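Asker: What follows is a single structure, and I will ask about it in a moment.
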Amino acid sequence: MSRGIPLRKSLLVRLMVTSVLIAMCSVAATAWLAVQTTTRAIQEEQGQALADGTEILRQLSGYAATHTDWSGVEATVRALSARTRRRIALTTPDRVPIADSARHGTPLPPQAAATVDPLRTDTYSEPGAQLSGIDPRAVGPYRLTANERARVRKLALVRQACYRSGGYEAAVETAPSGRSVLTGAEGAVSDPYVSAECADGRLNTPMPTEEKAIAAVTSLVGTCLKREGMLSRPPLSVAFTVKGVELSYLPVRKAGNARSTAAEQKGGDCVAQARRRQLDPYVAPTAELFLGTGGSTLPRFDMSPANKAKVVAVTGLVLALTVAVTAVVATRLVRPLRALTHAAQQPPDRHVRVPVTTRDETGILAEAFNALTERRERLEVQRRAMVSDVAHELRTPLTNIRGWLEVTRDGTVAPDSELLASLHEEALILQRVIDDLQDLAAADAGTLRLHREPVRAAELLAQVAAAHKVAADTVGIRLVTRVDGDPWLDADPVRMRQALGNLVSNAIRHTPADGTITLAARAEDAGAVFEVADTGSGIAPEDLGHVFDRFWRAEKSRSRRTGGSGLGLPIVRQLTTAHGGTVTVTSEVGTGSVFTLRLPATAAPADV
């Protein structure tokens, strides 16, 4: 790891920590989802199994309540097994088989699921058994004959019609004993007017079959109470509901008699015992119910220590693989970055390159770094050359001025007008170099001020041509202007004359006598195009890419007076760029060169 980078800020460490956290979250989320899904499925399966078991117990309890033995239960057991896809087995309390949906010889589950006894049934197996523990379908001697059923139903329909005339709707339902019972008439019963008219008591009067059964159970209750030292003729309450005949003990309560509650409890117990004794001959004997799935008991879903160890081992393996893969990938990602860091920390003069080993973002970054290094190296070379060129350009006129002043001071040369003119020319050369450097510095810093105004291209070319006509005529060069159309541009006229003037001056220096320099302007694609073409010596192809470099000269041996300072063309490019335009050059050795300036055009002023 690179020295100076804290461990917590290392990219490798952060990638590994991130991957580990992601892996842990993924493992935890997957485990949680699996546990939740499995738990929900198990709960649903167990809930369905419990519901199926309750339904099986209810059906078999009903069979026992309506049959005196189990002789025909085999068909019922197999039908329930096929519907619930559960194994159902019935045995006596001492494990003697009664009926079994599994193949003969299949071992029974270790424990019975429930006991089938309609006289002591599960409180949730059948509605109506919650109070007495007796299945309401066990009616025994209370079952009405056909004539009695018809009579009771007729009475129920009459009372239903009476309630309906009073504005109350009641339903007629049939109890397990065959008695018709009205339900939903609570409002009519509490209404004194309707109750007085409709409740004649005939519907609730026991039928002969019921009277005989009630007399028998009353005798049994009396025997029980007598045995407990209580009344031999018990006060019993008889009610007929859709759940069957309800019998309850009503002890005589006396003021201050604290023993009445105990008597009520004993009386209730005697009633329950009497009813079971009365119904016992009419129901099937007690049986044990075994339930299973495919011959086995319902499985318990619990994670064993071995399974827990497997889960922990798999989780650890996932984390280990995550760390290993992350370490390999992160190392490959970090290696080029470290190389970049090492290269960037080297001294600027070394210009270290980074090998490009990948084609991904890191490889692109390495290529950009190498390109930046190359540009920095070129800039450094240009900077050194510029310093040398600036020193040379300033040294030459200063040396001439100093030499002439020294010989004049010594009296060797008289300070005549010719000497002063020479010194003045050297001072002008020095001033031009300094002005050019200032213009370039202002352009580089973005502080070059432009005073824009609408400029007519034809007038601009005429001014430039007039300014350089004397110099061109002096060396025998013809200066020509040509304008196609009437293009205008929004520009600083002084700076544009300076740019075009530099191009014309450069062309005059490189064009022999009897040559021609053409200044042309035209409109093109919503822009103004200026061209300065000469018939001079031209520029070699390998030098075209350097013509706008500062202090660059095609012929290094040229002096300041013959070859210029090397700042004219860079100033042209800076001024053109400041106006939002571009400058290009095409040249052919021995034929001449063409410099082209493309600038944004503008509409002519309204008053022109």
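Asker: What residues have an amide H closer than 5 Å to that of Ala114, excluding those fewer than 5 places away on the same chain, when H is modeled at 1.01 Å from N in the peptide plane?
Answerer: HN-HN under 5 Å from Ala114: Leu289.
Asker: Kindly report, to the nearest 10 Å², the accessible surface of Ser422 as traced by a 1.4 Å probe over protein heavy atoms only.
Answerer: Ignoring ligands and nucleic acids, Ser422 comes out at about 40 Å².
Asker: Additional query: How far apart, in nanometres, would the label points at Ala309 and Arg482 be if each is projected 7 angstrom from Cα along the Cα-to-Cβ direction?
Answerer: 9.9
Asker: A follow-up question, please. Ser422 to Asp473: extension gain in nm, 0.36 nm per residue of separation minus the Cα-Cα distance? Mind showing how you got there, number by number?
Answerer: Values: separation 51, 0.36 × 51 = 18.36 nm, distance 2.28 nm.
That pair, Ser422 and Asp473, stretches by 16.1 nm at full extension.
Asker: Then there is this: Excluding same-chain residues fewer than 8 positions from Lys226, which aspartates and glutamates have a Cα within less than 19 Å of its Cα?
Answerer: Glu264, Asp269
Asker: Among 336-345, 276-285, what's the highest-first ranking by average C-beta atoms within 10 angstrom per residue?
Answerer: Numbers: 336-345: 15.1, 276-285: 18.0.
In decreasing order of mean packing, 336-345, 276-285 become 276-285, 336-345.
Asker: Please work out the FRET efficiency for the pair Arg353 and Glu406, using the Cβ-Cβ distance as r and a Förster radius of 56 Å; give the result to the nearest 0.05. Show your work: numbers first, answer last.
Answerer: Values: r = 52 Å, r/R0 = 0.92.
According to the calculation, E is roughly 0.60.
Asker: With N set to the number of residues, divide the alpha-carbon radius of gyration of segment 494-554 by 2.2 N^0.38 Å and report two decimals. Intermediate results must be reported in sequence, preceding the final value.
Answerer: On the way: Rg = 13.1 Å, N = 61, 2.2 N^0.38 = 10.5 Å.
Ratio of Cα Rg to 2.2 N^0.38 Å: 1.25.
Asker: Considering every pair of different Cα atoms, what Kirkwood radius, in Å, is found for segment 98-210? Walk me through the intermediate numbers first.
Answerer: Details: mean 1/r = 0.0582 Å⁻¹.
17.2 Å is the Kirkwood radius here.
Asker: Obtain the nm distance between the two label points defined at Leu157 and Asp543 by a simple spin-label model: each point lies 7 Å from its Cα along the Cα-to-C-beta direction.
Answerer: 13.0
Asker: What distance in nm separates the simple spin-label points at Thr331 and Thr293, each placed 7 Å from Cα in the Cβ direction?
Answerer: Distance between the two pseudo-spin positions: 4.9 nm.
The values are calculated or read from the model by the stated rules, or taken from the named source; none is laboratory data. As the structure is a prediction and not an experimental result, all values here were calculated from the model. Neighbour counts are summed over all protein chains in view; Cβ atoms, including those assigned to glycine, are modelled from backbone coordinates with ideal geometry. What goes into the accessible areas is simple: the full protein's heavy atoms, side chains included, and nothing from ligands, DNA or RNA. Shrake-Rupley method; radii C 1.70, N 1.55, O 1.52, S 1.80 Å.
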